[in-house]
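Q: Okay, here's the structure, questions in a sec.
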Amino acid sequence: MKSPKLKILSWIAQFAAAAIMGQTLYFKFAAHPESVQLFTELGMEPHGRLLIGAFELIACVLLLIPSSIVYGALLGACLMAGAIIGHITELGWEGPRLQLGSLAIAVFACCITTLIIRRRELPLLKAIQTEKPTKRARPKD
Amino acid sequence: MSTKLAINLHKLARFTNTAIPIFTLLSFLAGWRISFYFHFLTVPMIGLTLINYYYLFAQRNHSLLRNFGILGQGRYMLESLGPELRQYLYSGDTEERPFNRTERAEVYRKANNVDSASSFGSQNDFDATEVKLRHSLFPISKENLLPYRLTFGEERGIQKTYTLTVPFIISGMSYGALGKSAIRSLARGIAQTGGLMNTGEGGYPKYHLMENCDLAFQIGTAKFGVRQEDGTLDDQRLADLAAKDQVRLIELKLSQGAKPGKGGMLPKEKITAEISELRGVPMGQDVVSPTHHPECEDYHSTVAFIRRIQEVSHLPVGIKLCMGDPRQFAELVAEMKRQDSFPDWITIDGAEGGTGAAPKAFIDRVGMPLFPALKSAQDALVSAGVRQRLKLVASGKLINPGSQIIAFCLGADAIATARGFMLSIGCIQAMQCGSNTCPVGITSHNPKLERGIDIADKALRVANYVHSLEHDLDELLCAAGARCVRELSFDHLYVPNETLLYPFAHRI
C-alpha cells in the first residue's frame, strides 16, 4: 500500500463492510423472526446464528483496529462467502432475500478490496510479495 | 533416495495440488446436502484452492511455488522462522557470531552488577586456538597498582591536554547510527564514570553534548559538521566546535573496521528530518561518505592534514584506521618521523565489523583483524623508535576483560568499544542496526521503539559495566604482576600455534 488515495479507499471499504455487517448483528442477536427464519432454513438455528453473529462481531472490530485490518477483512470475506453460498444453495434471491444477498456481496467486495490494497500486510504471503526484480545498470554506464 | 521411509516431496506436492480442489468440492457437497456447518470448511478450502492456483499459474517470481504450489510455501515459512528458532533453541552458547551467548551474558551481568563468576570450567577450546595471559609466579596485590592515567597531547606539550582516567572509551557512534535515547544513555553513563565518549562522524553532536561527558569529536571522510561545500575541512567550524568545553579531543577517521577503504554509510530508512539537518544531507536516499579525505592523497599530505587539524583545534588530535598493509602503516610512520609531526594517538580498528551498515564483502573480507593489526602497529612504531611520541588505542570486539587484556599486552594504551557498550544498554544482537527496526530501540529512530530505553536505568548499566571492567582489569594486572597496563608486554601472552598472533611469536 503506497499512495494515500488507496489508503483512504481501503478505510472507506472497511467502514462500509463493518457498518453493513454491524447492523445485521442486532437482528441476529435479538433473534428477529426473519433472521431466525433464515437460519432455520439453513438448519443452523440457534447455535449457528449466534456463532456467525459472534464471528461477524469479531470481524467488525478487527476491521477497525489498524494493526488487524487484514485479519478482519479475511474473516469478513470468509463469512460473506459462506452467506453467498447460502443464498445460492438454500435461500435463493427472491423478494427481500435479494437485498440481503446483495448486501452480502457488497461486504464481500469491500473485504476483498481491503485485502488487495493491504496484501502486503498478510502474514503468510510475505514470500511472494517481493517485487519483481528491477533492472540494474552496469556501474559505469 | 537412500531409505524407503523418505518422503517423496514431489509426489506429496502433486497429491496436495489434486486433493485440495477435490476436498473443496466434497465439503461443498457436504454443506449442501448434509449440514450447512460444513461450509465452515468449504470457504477456507475455496480460498486455499484459489491461492494454490495463483501460486501455480499466475505468479512468476518464485519457481518453487510455480512448481509445487502451496506446499512450497512451507519452505518460506520455516525459513523465515529459522534465525529466531536457531537463536532461541538450537545455537550452542559459544556458537553465535559476532558475539556468542557467553560473551553477551558476561556483559549483561557486568551491566547489572551481578557476579560473573562461572563454575565447573571454561567453555572455550584450549587445544591451540586461545591466546592466554601468562600470570606471574608472584602476583601483586591491589594496593601496589598504579592508578590509570593517560594524557593525550603531552608529547607535544600543548596547553589543552586531556587525561583519560578510565581506560575504556565508548567508540564512535553517531546520532544517526544510534537513536537519541541510546546516545544520551551512553553519554550520561560514561559521564558518571568520568570516562570518554567518541561522537562518531554524525555531524554536530547535539545529543552527545546533553549529558556533560567528555567527548572526542570524530571527523569522518564526509566531514559532517565541519565541511565546506567542496567536501574539504572548514577550519572555522572545526575551531568553533573545538572551543566547546566538552569537546576534549579530535579524531580523524581514515578508515573503519566495518568497511575499511569505504566511506561511512547511513541507510535512508534511518535519515530523519533532524539527522538530515545535522549532517546537511538530503532525505530519502542512502548517504554514502567518500572513500577518503580529499586532503589525504598520500603520506605527505595526510601527515600535513593531521598537523593542520592540530593547529586549528588546539586539542589533542588522533587518527583512526583499520590496518590494511602493515608496510603502508610503517611508511606512514616514517613520514611522520620525517616531518617530525605525529598525531597524539592512533586508534587501530580491527576488521571485525561494527554496528555500522556495510556491504557484506567489506564486513567479511576486507582489512586485518585487530590483534595482528595492533601488534604490527606496535612493532612499526617501536622499530621506528617513535612509540613514545603517541598513544595507541585498540578497538574491535573488545567487550570482555579477557580480550581487552590481550590488547593491552599487544601495546594498546586504552580500549575503545562500541558494541560492548551497546550490549550494556540492552542490545540483544538482533542484527537489524541498518533497518531502523532495532527491537530494543538502540539503533532506531522510531519513537515507539526508542520508548523502551529508560535513560537513567541504562546510564547506570553503562557505569556498572565500566566499573566492572576496571575491577577485572585490576585483578588481571595483579595476576600478571604488572602495576599498570604499560608494564604489560607481548611476553605476557601465551600464543599457541593456531592463533593469528603465532607468526609474531616466532619471528626470526
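The values are calculated or read from the model by the stated rules, or taken from the named source; none is laboratory data. Note that the structure is a prediction, hence the values are computed from the model and not measured. Every residue, glycine as well, gets a Cβ built from its backbone with ideal geometry; the counts of neighbours run over all protein chains shown.
Q: Please count how many residues of the range B:222-247 are touching a residue at least 40 places away in the same chain (Cβ under 8 Å), surrounded by fewer than 23 Cβ atoms within 10 Å (Cβ to Cβ) and not aliphatic (A, V, I, L, M).
A: Qualifying residue count, the range B:222-247: 5.
Q: Among (1) crowded, with 24+ Cβ neighbours inside 10 Å; (2) among the β-branched types (Val, Ile, Thr); (3) touching a Pro at 6+ places or on another chain (Cβ under 8 Å), where does residue B:169 come up short?
A: (3)
Q: Next up: Which residue, of B:362, B:329, is in the same structural domain as residue B:299 (by TED's automatic domain parsing) and modelled with pLDDT of 95 or more?
A: B:329
Q: If a residue has to be closer than 21 Å to residue B:358 by Cβ and either of a type outside the set (Gly, Ala, Ser) or over 11 Å from the mean Cα position of the chain (by Cα) (or both) to count, how many in the range B:401-438 make the cut?
A: Qualifying residue count, the range B:401-438: 17.
Q: Looking at B:92, B:189, B:179, which one is away from chain A (no Cβ under 14 Å) and free of Cβ contacts under 8 Å to residues at least 60 places away in the same chain?
A: Testing whether each residue is away from chain A (no Cβ under 14 Å) and free of Cβ contacts under 8 Å to residues at least 60 places away in the same chain leaves just B:92.
Q: In the range B:195-233, which residue that is within 19 Å of residue B:347 (Cα to Cα) and either of a type in the set (Ser, Thr, Tyr) or assigned to a helix (DSSP H, G or I) (or both) is modelled with the lowest pLDDT?
A: Within the range B:195-233, the match that is modelled with the lowest pLDDT is B:221.
Q: Quick one: in the range A:70-90, of everything that is small (Gly, Ala, Ser) and more than 11 Å from chain B (Cβ to nearest Cβ), which residue is farthest from residue A:108 (Cα to Cα)?
A: That would be A:72.
Q: Does residue B:462 satisfy the condition of being buried (at least 18 other Cβ atoms within 10 Å of the Cβ), under 21 Å from the mean Cα position of the chain (by Cα) and within 30 Å of residue B:144 (Cβ to Cβ)?
A: Against the criterion (buried (at least 18 other Cβ atoms within 10 Å of the Cβ), under 21 Å from the mean Cα position of the chain (by Cα) and within 30 Å of residue B:144 (Cβ to Cβ)), residue B:462 qualifies.
Q: Out of everything in the range B:8-62 that is more than 13 Å from chain A (Cβ to nearest Cβ) and of a type in the set (Val, Ile, Thr), what residue ends up being nearest to residue A:88 (Cα to Cα)?
A: B:22
Q: Return the residue satisfying two criteria in turn: it lies in the range B:311-356 and is in contact with a helix residue (DSSP H, G or I) (Cβ under 9 Å, 6 or more places away or on another chain) and in a strand (DSSP E or B), and of such residues it is nearest to residue B:179 (Cα to Cα).
A: Out of the qualifying residues, it is B:349.
Q: Would you mention how many residues in the range B:475-508 are farther than 14 Å from residue B:409 by Cα and of a type in the set (D, E, K, R)?
A: So the count comes out to 3.
Here is a yes/no grid of residues against (1) part of a helix (DSSP H, G or I); (2) in the same structural domain as residue B:271 (by TED's automatic domain parsing); (3) over 24 Å from residue B:309 (Cβ atoms); (4) not basic (Lys, Arg):
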{"position": "B:140", "(1), (2), (3), (4)": "no, yes, yes, yes"}
{"position": "B:146", "(1), (2), (3), (4)": "no, yes, yes, yes"}
{"position": "B:158", "(1), (2), (3), (4)": "no, yes, no, yes"}
{"position": "B:166", "(1), (2), (3), (4)": "no, yes, yes, yes"}
{"position": "B:169", "(1), (2), (3), (4)": "no, yes, no, yes"}
{"position": "B:172", "(1), (2), (3), (4)": "no, yes, no, yes"}
{"position": "B:181", "(1), (2), (3), (4)": "yes, yes, yes, yes"}
{"position": "B:184", "(1), (2), (3), (4)": "yes, yes, yes, no"}
{"position": "B:187", "(1), (2), (3), (4)": "yes, yes, no, yes"}
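Q: Only one of these is under 23 Å from residue B:200 (Cβ atoms), surrounded by fewer than 22 Cβ atoms within 10 Å (Cβ to Cβ) and touching a strand residue (DSSP E or B) at 6+ places or on another chain (Cβ under 8 Å): B:358, B:373. Name it.
A: Selected residue: B:358, the only one of B:358, B:373 that is under 23 Å from residue B:200 (Cβ atoms), surrounded by fewer than 22 Cβ atoms within 10 Å (Cβ to Cβ) and touching a strand residue (DSSP E or B) at 6+ places or on another chain (Cβ under 8 Å).
Q: Let me ask something else. When the residues of the range A:38-69 are filtered to those that are part of a loop (DSSP other than H, G, I, E, B) and either facing chain B (nearest Cβ under 9 Å) or polar (S, T, N, Q) (or both), which remaining residue is surrounded by the fewest Cβ atoms within 10 Å (Cβ to Cβ)?
A: If we take residues in the range A:38-69 being part of a loop (DSSP other than H, G, I, E, B) and either facing chain B (nearest Cβ under 9 Å) or polar (S, T, N, Q) (or both), then A:43 is surrounded by the fewest Cβ atoms within 10 Å (Cβ to Cβ).
Q: Going residue by residue through the range B:116-137, is there one that turns out to be under 19 Å from the mean Cα position of the chain (by Cα), outside the structural domain of residue B:489 (by TED's automatic domain parsing) and buried (at least 16 other Cβ atoms within 10 Å of the Cβ)?
A: no
Q: Looking at the range B:65-76, I want the residues that are assigned by TED's automatic domain parsing to the domain that holds residue B:51 and have a partner that is aromatic (Phe, Trp, Tyr) and surrounded by 15 or more Cβ atoms within 10 Å (Cβ to Cβ) with Cβ atoms under 6 Å, at least 6 apart or on another chain. Which pairs are those?
A: B:65/B:55; B:69/B:55
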